[in-house]
1. Within the range B:46-58, how many residues turn out to be open to solvent by 80 Å² or more (accessible area, probe 1.4 Å) and more than 7 Å from chain A (Cβ to nearest Cβ)?
2. Just wondering, is there one or more residues in the range B:29-36 that are more than 9 Å from chain A (Cβ to nearest Cβ), without any contact (Cβ under 8 Å) to a residue 24 or more places away in the chain, closer than 30 Å to A:Gly70 by Cβ and of a type outside the set (Ser, Thr, Tyr)?
3. Residues to consider are B:Leu30, B:Leu19; find the one that is open to solvent by 70 Å² or more (accessible area, probe 1.4 Å) and within 17 Å of the chain's Cα centre (by Cα).
4. If you go through the range A:161-169 one residue at a time, do you hit one that is within 10 Å of another protein chain (Cβ to nearest Cβ), of a type in the set (Ser, Thr, Tyr), open to solvent by less than 20 Å² (accessible area, probe 1.4 Å) and farther than 19 Å from A:Ala239 by Cα?
5. Tell me, please, whether a residue that is closer than 23 Å to B:Leu21 by Cβ, free of Cβ contacts under 8 Å to residues at least 40 places away in the same chain and not in a helix (DSSP H, G or I) can be found in the range B:86-102.
6. Taking helices (runs of 4 or more DSSP H) that do not extend beyond the range A:52-156, which have at least 3 residues that are aromatic (Phe, Trp, Tyr)?
7. Can you tell me which residue is surrounded by the most Cβ atoms within 10 Å (Cβ to Cβ) among those in the range A:54-113 that are within 22 Å of A:Ala243 (Cβ to Cβ) and among the β-branched types (Val, Ile, Thr)?
8. For A:Leu278, state whether it is part of a helix (DSSP H, G or I), under 19 Å from A:Val406 (Cβ atoms), open to solvent by less than 20 Å² (accessible area, probe 1.4 Å) and touching a residue at least 12 places away in the same chain (Cβ under 8 Å).
Amino acid sequence: MNHSPILPIIVPFIASIMLLMMNATQLSWQRGVSALSVTLLLAVSINLLLLADQSAPLVYALGEWQAPFGIVLVADRLAALAVLTTAVLSASVLLYASGGFDSKGRHFHAVFQLQLVGINGAFLTGDVFNLFVFFEIMLLASYILLAHGGGLIKSRAGFAYVILNLAGSAVFLIALGLIYGTLGTLNLADIAIQLKTVPASEASLVRLSGALLMTVFLLKAAVLPLSFWLPHAYSAAGAPVAALFAIMTKVGIVAILHVQMIAFNAAPVMHGLLGSWLIVAALVTIVFAALGILSAKSLQSLVAWLILGSAGLLLIVPSLNNVVITAAGLYYLVQSAIVGAAFFMMAGLISNARGRVGDAFVMTTWVSDNKLKLGYFILAATAAGLPPFSGFIGKLMLLFAVKESVMMPAIWAVVLIASLVTTIALVKAGSRLFWEMPIDGDPLSQERLPPNNKRQHFATFGLIAISLLLIVFAKPLSDLTLRAAQQLHAPEQYIHAVIPHHADIQRGVRP
Amino acid sequence: MEAMLAVAIGLLFGCGVYLMLRARTLPVILGLALISYAVNLFLFASGRLVINAPPIIHADIKHYTDPIPQALVLTAIVIGFGMTAYILTLALRGLSESGDDHIDMVEKAESTSSTQVKKRH
């Protein structure tokens, strides 16, 4: 059996336990172990993507207990691509955090690695109960990272965030109980098989369990009635933590895609569960995010609203359910995660460069560093979707893909107007941050600023360079996302890889 | 027995939701704890209610109970316990930083507005 699918989980897990034991040692050693782990993670994720891209999804049965009775990890192209994106993000986030943020509290590196365990596990797992467990690992680590650095704002944002996610976990468990009670399985491939033969007496319960499951994923993905937590939590977190969180809404979207495409699409009992209303919710989320972008009072909260807008755009994918749209959406998923993270780090750099006022949109001294201006320009143009940057390619592919849909006029209108509003807000923010200054001198100009932090700069501009590479390599990447989408829309391949001979499985009679 | 369990789950959920809508941190946390108890009972019932039967499948045993929900509940209890411990410490930190156990954790400097908030609830 090929052990590659478990490596992205086990490498940060081992590092996390080592780091917990190394708490008393010097920070530089902890940074070294953390960096080693992330480097290894990058290597194993590239390897996993190459393997997963070759043919059918890779299946890893833990302890050789075969599905549907054992626990399986499944690395299809979507999961492998998401794991690689996480690895790239985590490498730059770690570099940024090593520039001093990790010394603001204890156990940063251990919790950071644990967060990676949770994210990668949520992408790779092949059954819904382990999806719950990895979600909880991811969330518990995110609660601690959110509070890292301390302060009342973080406690306040953290409390609401934790309560909301705990309530979400309760709903998740109810959905799992209903699924197990009616279908007798929690393995995703087996759920797909069992859903085809649901007796009419249980159909409504099964449909309810599906609806509850989707509600939880939509909470993580931050679709509108469930998205009020995101701007508060993401703008209160420290810059590198917020950058890592940029991938977390994507975890919810990947979970929706997996469950919907593999299990729910082919099942008559789940017919039309998301189709009719999710597109409306997604568009309203985009409008809400655009209004938030206009009203943001600091750069970091503006970027948090941008993340919400990209989540709304991505939710068009599961609601329209078409191969080309999925392929375009996956390109946009990778692109928006990287640009969102880079933008959070840029907000941190600008905040450092402006001293006490931070990244709030108030007038203060000049920011003299031209590199920051250039970086802000590239990121703003990418996030707003202006050509020739990668945000433009992502949005263009998505808009072209929805051409055939009946919702096309509404989607085009909302996305384009939201992009215009975003552009205006980003231009206003940029001129406020870099150009405007009070006429009658400035008392703050006497403030001594800390010297430029090389690691933080290198991490941020490295991620910006990767976002530029997404333009150069748009063709190979979009080919890969097309293959991933085709695999998702042909779930027989996935089901066959996990459970090759499902007719032969002996199932006990349930009491 | 099904009716009793259903009533217990419903009662726990009702109390939990009521407490979660309060404006103080401790009732909210207690409400969450009650909800997690209700959820655990619900998960337990997903394997059907069987009395006096072992959770083992064996050739000699004809009458058994489903072991999987028990394992699931155990996992859910452990996770819920850890989460409750964390949120309690977070609430305590908020209390020490703001001097008030209100959900919104209003700062000390705004004590006048926080007393107004207190009166409203």
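1. Applying the first criterion (open to solvent by 80 Å² or more (accessible area, probe 1.4 Å)) to the range B:46-58 yields B:48, B:51-52, B:56-58.
Of the ones still in play, those that are also more than 7 Å from chain A (Cβ to nearest Cβ) are B:51-52, B:56, B:58.
Qualifying residue count for the region: 4.
2. no
3. The match here is B:Leu30.
4. Yes, some residue in the range A:161-169 is within 10 Å of another protein chain (Cβ to nearest Cβ), of a type in the set (Ser, Thr, Tyr), open to solvent by less than 20 Å² (accessible area, probe 1.4 Å) and farther than 19 Å from A:Ala239 by Cα.
5. There is at least one residue in the range B:86-102 that is closer than 23 Å to B:Leu21 by Cβ, free of Cβ contacts under 8 Å to residues at least 40 places away in the same chain and not in a helix (DSSP H, G or I).
6. The helices (runs of 4 or more DSSP H) meeting that bar are A:108-124, A:128-147.
7. Checking each candidate, the answer is A:Val93.
8. yes
The values are calculated or read from the model by the stated rules, or taken from the named source; none is laboratory data. For clarity, every value in this text was computed on a predicted model and none was experimentally measured. Using ideal geometry, Cβ is built from the backbone for each residue, glycine included, and neighbour counts are taken over all protein chains shown. Note: accessible area is taken over every heavy atom of the protein model, side chains too, but ligands, DNA and RNA are not part of it. Shrake-Rupley method; radii C 1.70, N 1.55, O 1.52, S 1.80 Å.
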